[in-house]
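First the structure, in the form of structure tokens, and then the observations on it.
The values are calculated or read from the model by the stated rules, or taken from the named source; none is laboratory data. Note that the coordinates shown come from a computational prediction; the quantities given were computed from them, not determined experimentally. Neighbour counts are summed over all protein chains in view; Cβ atoms, including those assigned to glycine, are modelled from backbone coordinates with ideal geometry.
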There are 2 protein chains.
Amino acid sequence: MPRISSFFSASLDGFFADEKDDVSWTHDSSGDPEWSAFVSGNASGDGQLLMGRKTYEMMRSYWPTPAAKAAMPVVAEGMNRMPKHVASRTLTEATWNNTHLISGDLLAAVRRLKAAPGPDIATLGSGSIVSQLAQAGLVDEFQVVTIPILLGNGRHMFGDIPAPLRLRTVRSRAFTNGHVVTWYAPA
Amino acid sequence: MPRISSFFSASLDGFFADEKDDVSWTHDSSGDPEWSAFVSGNASGDGQLLMGRKTYEMMRSYWPTPAAKAAMPVVAEGMNRMPKHVASRTLTEATWNNTHLISGDLLAAVRRLKAAPGPDIATLGSGSIVSQLAQAGLVDEFQVVTIPILLGNGRHMFGDIPAPLRLRTVRSRAFTNGHVVTWYAPA
């Protein structure tokens, strides 16, 4: 049965987007080959993606483009090919290749996905979705990329969590480009 | 000449205190001996402390007490002995042992401290103070302890920074108790 992993990037002071919803500061411009291999390895697996509408629209506007295919061919191929699930009460159709729309009860839909045979599921960003899944105990792993920048203000991933949630640190790895990746599991 | 290091603990989602100013979730209750040795090593050195009024009042109400001396004798001895500087426009005296009050221009006072011979200076918490010092290029190192908990909401360290500030990751270390310590320097 599929496990759910939540992937997100955040500034050192805990924001996943700045006050203007900009996430360009999360991108690696160093050309660190170790980091590139890590990102490609994450995206080239045989998985499924789960995301909210905002993340979906941001991804859909980028990954199918020639620019994305030129810049990160392995990641773009994986993103476009993998089964994708977008949770939204406002979308009426999902046109990106191999995307399924979840318009009803999120937790029920995700419990069905986890109960059926299939590859592991990754959530990308999508704070509101991940907050609901984490509180319901449906997230098996969190993978946090900490970017060495202080933003001061911006948007939080977990503002919708109704009560603090303790996690267990699994491991941590610092890359040459300064990104620190830490894996957490439910406590 | 003294270097300035900024030490702070934060939740995985970037808060140094919860919405009620509670920081009890930052305390280690696991008895991890490696972590205890690390904290004692940090506090037992021959340094100076710099903090804002809130951090000062919280520290002063704890470290001189018999409870603190019983729970963490090495840290308590160091905290009470070391030279301390508290920046405040409202305090008229600082009664904790070996404390100096900075009531005028913070940056000028800190530049004087850095220009004089003396042991290295550590700031503890004190987001407003550290934001001002970081923006002025006066912080030589940041040491961030990430606690594996999602709070959802709370107080930020760097809300007073006027513009994003890039840092350089120096190293990262995960402890058995789940705390991850990452060191940063100016970019």
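For the range A:160-174, the candidate set comprises residues that are crowded, with 16+ Cβ neighbours inside 10 Å and either under 22 Å from residue A:147 (Cβ atoms) or among the hydrophobic types (A, V, I, L, M, F, W, C) (or both); within that set, the residue that is modelled with the lowest pLDDT is A:161.
Where helices (runs of 4 or more DSSP H) fall wholly inside the range A:1-83, the ranges with 1 or more residues that are under 25 Å from residue A:150 (Cα atoms) and of a type in the set (A, V, I, L, M, F, W, C) are A:33-43, A:53-60. When the range B:146-187 is filtered for residues that are within 22 Å of residue B:133 (Cα to Cα), hydrophobic (A, V, I, L, M, F, W, C) and facing chain A (nearest Cβ under 7 Å), the ones remaining, listed by number, are B:157, B:158, B:161, B:165, B:167. When the range B:21-44 is filtered for residues that are within 21 Å of residue B:141 (Cα to Cα) and polar (S, T, N, Q), the ones remaining, listed by number, are B:26, B:40, B:42, B:44. Restricting to the range B:6-26, and then to whatever is within 11 Å of chain A (Cβ to nearest Cβ) and hydrophobic (A, V, I, L, M, F, W, C), can you tell me which residue is surrounded by the fewest Cβ atoms within 10 Å (Cβ to Cβ)? Across the range B:6-26, the extreme among qualifying residues is B:25. For the range A:171-187, residues that are part of a strand (DSSP E or B) and under 23 Å from residue A:36 (Cβ atoms) total 8. Restricting B:84, B:114 to those that are away from every other protein chain (no Cβ under 14 Å), surrounded by 19 or more Cβ atoms within 10 Å (Cβ to Cβ) and over 30 Å from residue A:18 (Cβ atoms) reduces the list to B:84. Against the test of being among the small types (Gly, Ala, Ser) and closer than 30 Å to residue B:167 by Cα, the options A:88, A:103, A:30 yield a single qualifying residue, A:30. Scanning the range B:99-127 for residues that are without any contact (Cβ under 8 Å) to a residue 60 or more places away in the chain and assigned to a strand (DSSP E or B) turns up B:99, B:100, B:101, B:102. Restricting attention to the range B:128-154, which residues are surrounded by 18 or more Cβ atoms within 10 Å (Cβ to Cβ), part of a strand (DSSP E or B) and touching a helix residue (DSSP H, G or I) at 6+ places or on another chain (Cβ under 9 Å)? Matches in the range B:128-154: B:142, B:145, B:147, B:149, B:150.
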